[in-house]
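J.: I have a structure here, written as structure tokens, and I will follow up with some questions on it.
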Amino acid sequence: MKKLSNLFDKNRAWAQKVAQQNPHMLAQQVAQQNPEYLWIGCSDSRVSADQIIDVKPGDVFVHRNVSNLVIHTDMNCLSVLEYAVHSLNVKHILVVGHYGCGGVKAAIDGVSHGFIDNWLCHIRDIKQKHWRLLANCEDQATELDLLCEINALEQAYNVCNTTIVRKAWAIGQDLCVHAWVYNMRTGLLQDLGFTIDSPEAVEEHLENAIQKLANR
Ligand code: CO
């Protein structure tokens, strides 16, 4: 059986480097984590939270799934959200989509992909909801990019509607929800203009952000 010794080699080298460059870092972390951010992103191996925002261990709490979906009945995502908001007291929730998302592409290519189609149905619902806007796209690549953006916005909107975030706002907790998209070609993040720190006019903010995409 292959033991993946190459990964253990890399791990030892990394631990040694950390011990040399920042001898107290690991010891400090053992006591507790105190992340300011919760990152909800795609499982895609090219979209790693820690690398993209260049933070050290302990800075960002992470939940990732195929196409960064926030489904109201997903106990995994909701448990992460609950812990991040009410135990870790994160200040920011970053919902980060990415261009060229394979899950988004698979949701709209009209081909069966097996079991994952059940998960991707949520993206097809979003496509259906915004079909007029998507129909204006000049080609498939543009449509895919736009749907990746809209998906990030809709998932951030879902975060805002969870009992967890509503409760945090109700008790006056400092908590802001953001929708971003990541461009793998440039390595750059883009703010999608949905930055919400209270339950007021969340629907209107979503509509405005989507309208902004339509008007560019
Ligand atoms: Co993806």
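The values are calculated or read from the model by the stated rules, or taken from the named source; none is laboratory data. Remember, predicted model here, so these are calculated numbers, not experimental data. Here the Cβ is made from the backbone with ideal geometry for all residues, glycine too, and neighbour counts use every protein chain on show. When the accessible area is computed, the model is the full protein with side chains, heavy atoms only, and any ligands, DNA or RNA have been set aside. Shrake-Rupley method; radii C 1.70, N 1.55, O 1.52, S 1.80 Å.
J.: By the scheme Lys and Arg +1, Asp and Glu -1, what is the net charge of all other residues having a beta-carbon under 12 Å from that of ALA209?
T.: Net charge in that neighbourhood comes out at -4.
J.: Restricting the count to DSSP beta bridges whose residues both fall in the chain, what percent are antiparallel, rounded to a multiple of 5?
T.: 25
J.: Subtract the Cα-Cα distance of PHE8 and HIS72 from 0.36 nm times their separation in residues, and report this length gain in nm to one decimal.
T.: 19.2 nm
J.: Right, another one. Could you work out the per residue convex hull volume over the alpha carbons of the stretch 1-83, in cubic angstrom?
T.: Taking only Cα atoms, the stretch 1-83 has a hull volume of 149 Å³ per residue.
J.: Just want to confirm a number: the relative contact order over the chain, from Cα pairs under 8 angstrom separated by 6+ residues, in percent.
T.: The value is 19 percent.
J.: Ok, one more. Does anyone have the angle between helix 5-21 and the longest principal axis of the chain? Alpha-carbon axes, 0 to 90°, nearest 10?
T.: 70
J.: Treating only the Cβ of Lys, Arg, Asp and Glu as charged (+1, +1, -1, -1), what charge dipole size does the chain show about its Cα centre? Round to the nearest 20 debye.
T.: Rounded to the nearest 20 debye, it is 840 debye.
J.: What's the ranking of 148-155, 96-103, 197-204, 14-21 by average number of surrounding C-beta atoms within 10 Å, highest first?
T.: Ranking the peptides 148-155, 96-103, 197-204, 14-21 by packing returns 148-155, 96-103, 197-204, 14-21.
J.: Show me, bin by bin at 5 Å from 0, the whole-percent P(r) of the stretch 149-216 based on Cα pairs.
T.: 3, 17, 27, 22, 16, 9, 5, 1, 0
J.: Multiplying the sequence separation of LYS91 and ASN118 by 0.36 nm and subtracting their Cα-Cα distance, what value in nm do you get?
T.: Full extension of this stretch gives 6.5 nm more.
J.: Another question, then. What ranking of PHE194, PHE61, PHE115, PHE8 comes out by heavy-atom accessible area, probe 1.4 Å, highest first?
T.: Result, largest first: PHE115, PHE8, PHE61, PHE194.
J.: So, one more: Tell me whether the chain comes out rounded, prolate or oblate; compute the Cα gyration tensor, take square roots of the eigenvalues as a ≥ b ≥ c, and use a/c under 1.5 as the rounded threshold.
T.: Here the chain falls in the oblate category.
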